[in-house]
Amino acid sequence: MESYADLVARRREAILARMDEALARAGRSRGDVTLIAVSKTVGIEEVCAAIAAGYRVFGENRPQELVRKLGGLAALPDVPAVRFDMIGNLQTNKVNAVLGRAALIHSIGSEHLAQAVSARAERRIGAGELDGPARVLLEVNVSGEASKSGFSPEEVRACMPRLMELSGIHIEGLMTMAPRGDKDAARRTFCGLRELRDELEEREGAELPELSCGMSEDFEIACEEGSTIVRLGRVVFDPSFALQ
Ligand SMILES: *Cc1c(COP(=O)(O)O)cnc(C)c1O
């Protein structure tokens, strides 16, 4: 029987082949997109299988779990350097746990949170504990679903000048989640994110190179629509998730 490590490695090749095809359809290439393995449902052992398969960037949606996984990996011998990103809902009282640990925070979904992250980062920079501003993305609820968190497009347009003044954060782009199970809606959402980014760059003079979008069910559409970071969980780690 195929081992879990072999399955993860075989999956990775299949995922990269799918990404290559989707990127080629849009005149893009593999170097344009960072593939994040979302490890929130698996343990250290599965993360190690993913590292052995070639993944170097991981995503977690809970601060405690991000801290736990980083600690677990640090305790193991001969683990290559990997990066963890914070992709989930972040509460202000957990910001300090992720600062200096998460390479990129994808989920800044309100002005209040942006201010909190910036203030804490400034303090840590002042204390010599942090090299520079926290790298962040703004999470935008492009599809308008009531269940989704993040800025509305109108809010992000209104706040952007103030957000760009916050010296403890460096805004590198936008992040979104598409509605589940509807390919057309996913495409509209990703396209909408890109257009919003273009508009903010034009109007505010911001530089927002990163578009974090695309998950297990819709990453090929995201690659066609300009995603620069796809966040894949089940298709990477769950043997029962069929890569169709
Ligand atoms: C869980 C999660 C993912 C990965 O979802 P899959 O459908 O398993 O690929 C991506 N982004 C965020 C924010 C998540 O919470």
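Points worth noting:
- If R0 equals 41 Å, the separation of the Cβ atoms of ARG234 and GLU165 corresponds to a calculated FRET efficiency of about 0.60.
- Expected-Rg normalisation [2.2 N^0.38 Å, Cα atoms] applied to segment 4-237: 0.99
- Using alpha carbons only: equivalent-ellipsoid semi-axes of segment 76-186, gyration tensor based, whole Å: 26, 20, 11
- log10 of Debye I(q)/I(0), alpha-carbon scatterers only, for segment 143-195 at 0.13, 0.19, 0.22, 0.32 Å⁻¹: -0.38, -0.73, -0.90, -1.35
- Cα convex hull of segment 128-244 - mean projected area over all directions, nm²: 8.8
Every number in this text was worked out from the coordinates using simple rules, so none of it is lab data. Because the structure is a prediction, the values reported are computed rather than measured. FYI the Cβ positions are ideal-geometry reconstructions off the backbone, even for glycines, and counts take in every protein chain you see.
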